[in-house]
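Visitor: Questions regarding the structure given below will be posed in turn.
Each value in this text was obtained by applying a stated rule to the coordinates, not by laboratory testing. In this text the structure is predicted, and so the values were computed from the model without any measurement. Note: ideal-geometry Cβ built from the backbone for every residue, glycine included; neighbour counts use all protein chains shown.
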């Protein structure tokens, strides 16, 4: 029985059973949903296929959202990476391109997997598909790592929030980034404790980020924050794999995120009344659209 | 909450509340009409009224009215598809006192001239609540399979319907009755556990004093 009320619970149980968090979670979920682990694997596998398709479609140079604010950035990013001029190399450049592709496709009414939300849907696919390509990881392991990411997401949803309207962008892109970091560390062979440290570090780095969408639409600054979110997931995973630990335990970071979210002004929680949404340019854009 | 609430659903963007939830509201209206739509009058309140063009809420509602699911790629072109199929669609911005900010009122006319009006709200994460059907107050979360039984308010009708459900071995999770006036039109909103058994629905619609029965499945 897993209650998903702390990351520590997941870590302790995984260690006790000598399993990865993903194996622990798929078995428990099969029991809870009264389905076989194969069925759950297949459902997650089909979500991964949608994620791959979203990246492909999002790289279309002619993509354009109804407002005209989004589309085409992912194509530009990939073209730049392909030219060999990327400052940080292929893995970093392509993770940005993939995050932009999925997020922009979402803005343009394409088909995506909410992970954990539509607004943050680019981060997890970008992290996992880049890792798969760079390190030649077989698909089965990528699918399994989505169970680890989900388990972290459930704990965050229980103890804080995964909704921008409740907790600001830290709850959406922050949660997605922490989930991605957790999955990356497990895929790289990290221990369950390391998974928790990566999750903690990723959340700490995005703590306090507000939700301030221009014109109330899931476009600006959301799409570029998906790119920043995947970069942050790699930053956290790299540090942890190097042996660096989070000074604050993961569950305390999650509770801190909840408190920060509660303290955040209503104008900074998806109402399009504060932050970037209240800038003169954002107001002009908003007037043009409506 | 399970793993597929976190990684999922597969949906057409950009927003679970303004797009995925809107498709679901449209689909409920279409299901209650029981036939192809020839005209849809859609009224939008609150955030729906303010942002529907940018979020594609209009396309999402029309997609649902055309029986599409939230992950149907045709949603992006649903307004053009509706036009091609000769479905007349109109939008109006309205203000409803004390309604949820993401509320839509949908009035549908079917090819045989039948009408259905519903009021629904998209309450976050793609979840919806249907508040009103044909002028009668209901409160349907659509999280479970529901039976919407429109009937004449006469003694014994509720007992007949619920005992039929019981005899079929189906458990009722929630029940709400609403009526116009004594002896007038009434609606039972019955949420049932599991059992998406269409024959149950057909049999209920044959009971005396039942005008129509509709099974709404979770989509």
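Okay, residues lined up against (1) more than 21 Å from the chain's Cα centre (by Cα); (2) surrounded by fewer than 17 Cβ atoms within 10 Å (Cβ to Cβ); (3) in contact (Cβ under 8 Å) with a residue 24 or more places away in the chain; (4) not in a helix (DSSP H, G or I):
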site: A:57; (1), (2), (3), (4): no, no, yes, no
site: A:62; (1), (2), (3), (4): yes, yes, no, yes
site: A:74; (1), (2), (3), (4): no, no, yes, no
site: A:79; (1), (2), (3), (4): yes, yes, no, no
site: A:87; (1), (2), (3), (4): yes, yes, no, yes
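Visitor: May I ask you to list the residues in region B:177-218 that are assigned to a loop (DSSP other than H, G, I, E, B), within 18 Å of residue B:142 (Cβ to Cβ) and touching a helix residue (DSSP H, G or I) at 6+ places or on another chain (Cβ under 6 Å)?
Guide: Correct list: empty.
Visitor: Determine if region A:195-218 includes at least one residue that is out of contact with any helix residue (DSSP H, G or I) (no Cβ under 6 Å at 6 or more places or on another chain), farther than 16 Å from residue A:171 by Cα and surrounded by fewer than 24 Cβ atoms within 10 Å (Cβ to Cβ).
Guide: For region A:195-218, residues out of contact with any helix residue (DSSP H, G or I) (no Cβ under 6 Å at 6 or more places or on another chain), farther than 16 Å from residue A:171 by Cα and surrounded by fewer than 24 Cβ atoms within 10 Å (Cβ to Cβ): absent.
Visitor: Continuing with this model, one more query. Somewhere in region A:10-20, is a residue surrounded by fewer than 16 Cβ atoms within 10 Å (Cβ to Cβ) and either within 22 Å of residue B:71 (Cβ to Cβ) or within 11 Å of chain B (Cβ to nearest Cβ) (or both)?
Guide: Among the residues of region A:10-20, not one is surrounded by fewer than 16 Cβ atoms within 10 Å (Cβ to Cβ) and either within 22 Å of residue B:71 (Cβ to Cβ) or within 11 Å of chain B (Cβ to nearest Cβ) (or both), which makes the answer no.
Visitor: Name every residue in region B:77-92 that is part of a loop (DSSP other than H, G, I, E, B) and either within 9 Å of chain A (Cβ to nearest Cβ) or at negative phi (or both), in order of residue number.
Guide: Within region B:77-92, B:85, B:87 qualify.
Visitor: Next question. Return the only residue of A:164, A:122 being under 15 Å from residue A:59 (Cα atoms), buried (at least 24 other Cβ atoms within 10 Å of the Cβ) and within 11 Å of another protein chain (Cβ to nearest Cβ).
Guide: A:122
Visitor: Can you tell me which of B:67, B:97 is surrounded by fewer than 23 Cβ atoms within 10 Å (Cβ to Cβ) and under 27 Å from residue A:286 (Cα atoms)?
Guide: Result: B:97 is the single residue among B:67, B:97 that is surrounded by fewer than 23 Cβ atoms within 10 Å (Cβ to Cβ) and under 27 Å from residue A:286 (Cα atoms).
Visitor: Okay, moving on. For residues in region A:67-95 being out of contact with any helix residue (DSSP H, G or I) (no Cβ under 6 Å at 6 or more places or on another chain) and within 13 Å of chain B (Cβ to nearest Cβ), which is farthest from residue A:127 (Cα to Cα)?
Guide: A:68
Visitor: From (1) within 12 Å of another protein chain (Cβ to nearest Cβ); (2) under 20 Å from residue A:19 (Cβ atoms); (3) in contact (Cβ under 8 Å) with a residue 60 or more places away in the chain, pick out the condition that doesn't hold for residue A:222.
Guide: Only one criterion in (1) within 12 Å of another protein chain (Cβ to nearest Cβ); (2) under 20 Å from residue A:19 (Cβ atoms); (3) in contact (Cβ under 8 Å) with a residue 60 or more places away in the chain is unmet by residue A:222, namely (2).
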